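Inspection log for the structure reproduced underneath, given as structure tokens.
The values are calculated or read from the model by the stated rules, or taken from the named source; none is laboratory data. As the structure is a computational prediction, the values presented were derived from the model and not from experiment. Please note: Cβ atoms are built from the backbone with ideal geometry, for glycine as well, and neighbour counts cover all protein chains shown. These area figures cover heavy atoms from the full protein model, side chains too; ligands, DNA and RNA do not enter into them. Shrake-Rupley method; radii C 1.70, N 1.55, O 1.52, S 1.80 Å.
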Amino acid sequence: MTSIPRDQWYVAAYSSEIREELFSRTICGEPILFWRTRSGQVTAVSDRCVHRRFPLSQAPSRLVADQVVCGYHGFTYGTDGKCVSVPGQTRIPRTARLRGYPLVEQDRFVWVFIGDPAKADASSIPRAPYLDSPDYTTVAGMEPLKARFSLLVDNLLDLSHETYLHGGYIGTPEVASTPITTEVDEEAGIVYVSRHMDDAECPPFYAKSTGLQGRIARWQDIEYSPPCLYKLHSRIAPVGSVPHSDGTDPDAFHVEVVYAITPETEHSTHDFWSVARDFALGDDEVSAFLAENNRTVVLQDVVALDVLEQVIATEPEGYQELSVNIDTGGLAARRMLQRLAAANQAPATAS
Ligand code: FES
Ligand SMILES: [Fe+2]
């Protein structure tokens, strides 16, 4: 019984992480080997040699002309995972093939499909176009989390914790005290959570990056596409300013905070975070400030969630929680995740 939904797309890496060298990352419990071919394509195959399971990412395994040579006995594989050479014989066993993973590179992410490859539909991958747009400047990182991915989902769907866990960075009293609205689009599979603070303190994170001082209008509009992609559309503007009726919003600063929440195992998570802004484009000082500050904020969550994982791992099955209004979005997300995971456990129907 697993809580990780399969037959789903997950972010495995940033595009920039995959170069012409062997790179390994475990996604949903599966060790996957990546490399970029000389023509620029990204390859994703199992990181276990079919012979004796030696990790192909492990030296002295190596990449030779777009083929990976196992460092133990030399089985050699092509980009499609098919074995092309076996030591000591010319016949290559028919089953000598690494499992391949459907892969899509877009929005500066490398997405892989975990589950039955026949179900992989690239058009269902949620988009984050700001990350690859000249109209935005983006800083990004990834932090390893020693906690189950659902704890990070809970965390990101309820931003009232900013006031307490992230005071002095992004938290101000108004975040916790302003009610949220939650909407669920079952058909599209999206949970929306909004909090519009029309007269709020400007936290240092935004005061220093935008130059706005004193009171601000601060809107937080969350759009979560379970299981992996979370977007926080953040709007910071002078008090009283609203977007124009034609959709433009010239007085406001916009920050798109994007998280990719990728299970590494049942109890650990890759926490990919990006902050894309539509102001101070190309300003390295602002970039350095936002990168440093957001990483600090992410690490505050990591510390808290790592502790929480330890605690709940020792709780008896079915431990009690008490949910309140701020949890509405998180509970909606949990229900969607449970449905996705349950779909994997449904007995296959005979056709
Ligand atoms: S384990 Fe890879 S060739 Fe033997
Ligand atoms: Fe947080």
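Assigning unit charges at the beta carbon (Lys, Arg +1; Asp, Glu -1) and nothing else, what dipole magnitude in debye, to the nearest 20, does the chain show about its Cα centre?
Working: 30 positive and 47 negative charges, 426 e Å.
With only Lys, Arg, Asp and Glu charged at Cβ, the dipole is about 2040 debye.
Just the number, please: carbon plus sulfur as a percent of the accessible area of the range 129-344, 1.4 Å probe, no ligands or DNA/RNA counted.
54 percent
Quote the FRET efficiency, to the nearest 0.05, computed for THR95 versus ARG53 with a Förster distance R0 of 22 Å and r equal to the Cβ-Cβ distance.
For THR95 and ARG53, the calculated efficiency is 0.95.
Scan the chain and hand back the longest stretch that contains none of the GluC sites (Glu not before Pro) lying in DSSP loops with at most 15 other Cβ atoms within 10 Å. Intermediate results must be reported in sequence, preceding the final value.
Working: sites that count: GLU20, GLU21, GLU186, GLU187, GLU266, GLU317, GLU321.
With a cap of 15 other Cβ atoms within 10 Å, the longest stretch comes to 22-185.
If you average the alpha carbon positions of the range 121-175 and of the range 253-309, how far apart do those two centres end up, in angstrom?
6 Å
If I compute solvent accessible area with a 1.4 Å probe over the protein chains, what percent of it on the range 8-123 is carbon and sulfur?
46 percent
Run the simple label-point estimate for ASP306 and ALA176 please: 7 Å along Cα→C-beta, distance reported in nm.
Roughly 2.4 nm, to one decimal.
Starting from 0.36 nm per residue, how many nanometres of slack lie between GLU292 and HIS244 once their C-alpha separation is accounted for?
Details: separation 48, 0.36 × 48 = 17.28 nm, distance 3.28 nm.
Once the chain is fully extended between GLU292 and HIS244, it gains 14.0 nm.
Which of the lysines could be linked to LYS146 by a straight reach, that is with a Cα gap under 27 Å, when you skip same-chain ones fewer than 8 residues away?
Partners within reach: LYS231.
Return one whole number: the accessible area per residue of the chain in Å², for a 1.4 Å probe.
Dividing the accessible area of the chain by its residue count gives 48 Å².
Would you mind checking the tilt of helix 328-345 against the longest principal axis of the Cα atoms of the chain, expressed as 0 to 90 degrees and rounded to 10?
Rounded to the nearest ten degrees, it is 20.
How much length would be gained if the chain were fully extended between SER16 and ARG339, taking 0.36 nm per residue of separation minus their Cα-Cα distance, in nm to one decimal? All intermediate terms of the calculation are to be shown ahead of the outcome.
Values: separation 323, 0.36 × 323 = 116.28 nm, distance 3.32 nm.
Separation in residues times 0.36 nm, less the Cα-Cα distance, equals 113.0 nm.
Excluding residues fewer than 8 places away in the same chain, name every one of the lysines whose C-alpha is closer than 30 Å to that of LYS82.
Partners within reach: LYS119.
If r is the Cβ-Cβ distance from SER124 to HIS73 and R0 is 45 Å, what FRET efficiency results, to the nearest 0.05?
It comes out at approximately 0.65.
Taking 0.36 nm per residue of sequence separation and subtracting the Cα-Cα distance, how much length would be gained by fully extending the chain between GLU183 and ALA207, in nm to one decimal?
5.7 nm
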